[in-house]
Amino acid sequence: MSEPYWTPERVDALVSQRARTLGPQVWAAATPDPRQVISFAGGLPDIPSLPAKELLRAAATVLEREAKEALEYGGTFGPLPLREAIAERWTRMDGVPVTKDHVIIASGSAHAIGMVCETLLDPGDVVMVESPNFPGSMRTFRSFGVRQVAIPLDADGMRTDVLEARLAELRAEGKRAKFIYCIPNHQNPAGCTMSLERRKHLLALAREYETFVLEDDAYGELWFDEPPPPSIFALSGGEHGVKVGSFSKTIATGLRMGWVQGPPALISRIAALRYDMGTSPFLGRVIAEMMRNGDLDRHIDRLRGIYRRKLERVEAALARYCAPYISYTRPKGGFFLWLELRPGLSSRDVQLAANERGVIVGQGPQFFADGQATNHLRLAFSYVDLEEIDEGIQRLGEALAEVAARGSTK
C-alpha cells in the first residue's frame, strides 16, 4: 500500500505562512467534558433566556412578508434591512449620524475583526492591544505576522499613559501603530469599563499618532446599573473609532451575526476584499425585524436583570467560600469576574484542583499578549445555572484551600 499523500509533513510544506504561524491546533475545538461539570469558563449567554419565541415570531413575519429577498443572496455588504436597522439604532443610541454606508455585516464579531485585519494588516505591522485581552482576537492578529504591543489595564481601562509612551517609542523608530485594539465596555477578561476621560485621551492619541481605535463592543449593552460612557466611535464622530458589534451575546451565539461600523471609505474597502457573498439574508432580516418591533430592546433589558442577579449570587458565594484567597473589582456589566489570587497561590494549580472537583474556570496566562501574566482566574458567570452557582463557588473555595494548604506545608 502506497504512502498517503496528505501526510502531516506534506501538509506543513503546502500550507500558507499564516497557517504555519498558527500551527495545527484547532481554535476552540475542545471536546465537551463528559462529566457533569459546573462551568465558569465560557463567555456564553444564559441558556433559559435565549429568545426562541421572539426569533420564531420574527422569522414568520419575514417569510410571510419578504420570502423572496430573504432566501436569495444578499450582497457583499450584508442584508440591507439589517444594515439600515443597525444604522437607525446606533444613530439613536450614540447620538451621531450612522447610515447603511457605515455598516458591513459579518458572521459574528470574530469574523468582523478578521475582515478589518484582512483589509489593513501586513506582516511586520504594529498593533497596540490591551493586556490582558481576548485570546481569539490576539490569535487573529498573530496570524497576520504583526507585532502586538501590550498595554496594561487598571480599573479605568487601558492605561493611556503607557500607550502614549509606547506610541512615542514607535515614532522614534520611524513606525506607527496600524490601530489600537480595545474592549472598552465590560472588558474580557478583566471586566473593567474604560472611563470617559481615558476614552478622550485615547482618541487624542489616535489623532496625534495618525492611527485609529478598533473598538470591540460585544458586551456594551449588558450593563447593570447605568450605561457606559459614549462609544469611541461616537466620541470620534465616526472618524478615529471603528466599532465591531455582535448579536452573539445579546441574542444567541448560534446566529453568528455581527458587524463593522466605521467610515464609509473603509467599509467599502472591506467589502471590496470580501469573497463569501455576504452573510445570511434570512437571519439578517430576522434580526432586523426583532430590532424594529422592539423585541430586541425588551430582551436586552431582561438580560441586564438576569446577569445582575447572577453576579450578585456569585459575589455572595465568593464572600462565603473564597474571601481569604481572592480579590476583585466588581464589573459594571458583562459576563466576567477577574479574580486576583493572593500571593503564593498558582492560578494553574487552582484551575487544576477546581477541575478535579468538576468546576471549570479560565486560567489567567492565556489572556496576555506579551507573556507577562498576572496571577488571575477568569470567572464567567453568564452561562452557569443560577441554582448551581453556590455549589460551584463552594467547590472553587475548596480548591483554593487545598492549594493554599499545599503551599503552607512546603
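The values are calculated or read from the model by the stated rules, or taken from the named source; none is laboratory data. In this text, all values refer to a predicted model and were calculated from it rather than measured experimentally. When we count neighbours, we look across all protein chains shown, and the Cβ atoms used for this are built from the backbone with ideal geometry, even at glycine.
A few notes on this one:
- When the criteria are applied in full, Val403 meets the requirement of being touching a helix residue (DSSP H, G or I) at 6+ places or on another chain (Cβ under 9 Å) and over 28 Å from Pro48 (Cβ atoms).
- Per-region count, region 381-395, residues closer than 30 Å to Ile151 by Cβ and surrounded by fewer than 22 Cβ atoms within 10 Å (Cβ to Cβ): 1
- In region 93-109, the qualifying residues are those that are over 17 Å from Pro264 (Cα atoms) and touching a residue at least 40 places away in the same chain (Cβ under 8 Å), and the one that is surrounded by the fewest Cβ atoms within 10 Å (Cβ to Cβ) is Gly95.
- Lone unmet requirement of (1) without any contact (Cβ under 8 Å) to a residue 60 or more places away in the chain; (2) of a type outside the set (Ser, Thr, Tyr); (3) not assigned by TED's automatic domain parsing to the domain that holds Lys332 for Gly305: (3)
- Hey, Lys310 buried (at least 18 other Cβ atoms within 10 Å of the Cβ), of a type outside the set (Val, Ile, Thr), over 18 Å from Gly74 (Cβ atoms) and not assigned by TED's automatic domain parsing to the domain that holds Phe212 or not: yes
- Among the numbered conditions (1) surrounded by fewer than 11 Cβ atoms within 10 Å (Cβ to Cβ); (2) at pLDDT 95 or above, the only one that Ala28 does not meet is (2).
- Test: residue in region 388-409 that is modelled with pLDDT of 95 or more, within 18 Å of Asn133 (Cα to Cα) and in contact with a strand residue (DSSP E or B) (Cβ under 6 Å, 6 or more places away or on another chain): no
- For region 42-78, the candidate set comprises residues that are among the aliphatic types (A, V, I, L, M) and within 15 Å of Lys310 (Cα to Cα); within that set, the residue that is surrounded by the fewest Cβ atoms within 10 Å (Cβ to Cβ) is Ile47.
- Long-range neighbours under 8 Å by Cβ, at least six apart or interchain, first residue closer than 14 Å to Val242 by Cβ within region 266-277, second among the charged types (D, E, K, R) and in a helix (DSSP H, G or I): Ile267/Asp101; Ser268/Asp101; Ile270/Glu118
- Flag for Leu296 being touching a Phe, Trp or Tyr at 6+ places or on another chain (Cβ under 7 Å), of a type in the set (A, V, I, L, M) and within 25 Å of Asn188 (Cβ to Cβ): no
- Of the criteria (1) of a type in the set (Gly, Ala, Ser); (2) touching a residue at least 40 places away in the same chain (Cβ under 8 Å); (3) not in a loop (DSSP other than H, G, I, E, B), which one Gly43 fails: (3)
- Considered as a group, the residues in region 49-70 that are without any contact (Cβ under 8 Å) to a residue 12 or more places away in the chain and either among the small types (Gly, Ala, Ser) or in a loop (DSSP other than H, G, I, E, B) (or both) include one that is farthest from Asp301 (Cα to Cα), and that residue is Ala67.
- Filter result for His186 (at pLDDT below 95, under 19 Å from Met93 (Cα atoms) and outside the structural domain of Arg302 (by TED's automatic domain parsing)): no
- In this entry, Ala288 is excluded by the filter for residues that are touching a helix residue (DSSP H, G or I) at 6+ places or on another chain (Cβ under 8 Å) and either part of a loop (DSSP other than H, G, I, E, B) or within 24 Å of Ala373 (Cα to Cα) (or both).
- Among the conditions (1) within 16 Å of the chain's Cα centre (by Cα); (2) among the hydrophobic types (A, V, I, L, M, F, W, C); (3) surrounded by fewer than 18 Cβ atoms within 10 Å (Cβ to Cβ), Ala112 misses just one, which is (3).
- Residues of region 164-214 that are buried (at least 21 other Cβ atoms within 10 Å of the Cβ) and of a type in the set (Phe, Trp, Tyr): Phe179, Tyr181, Phe212.
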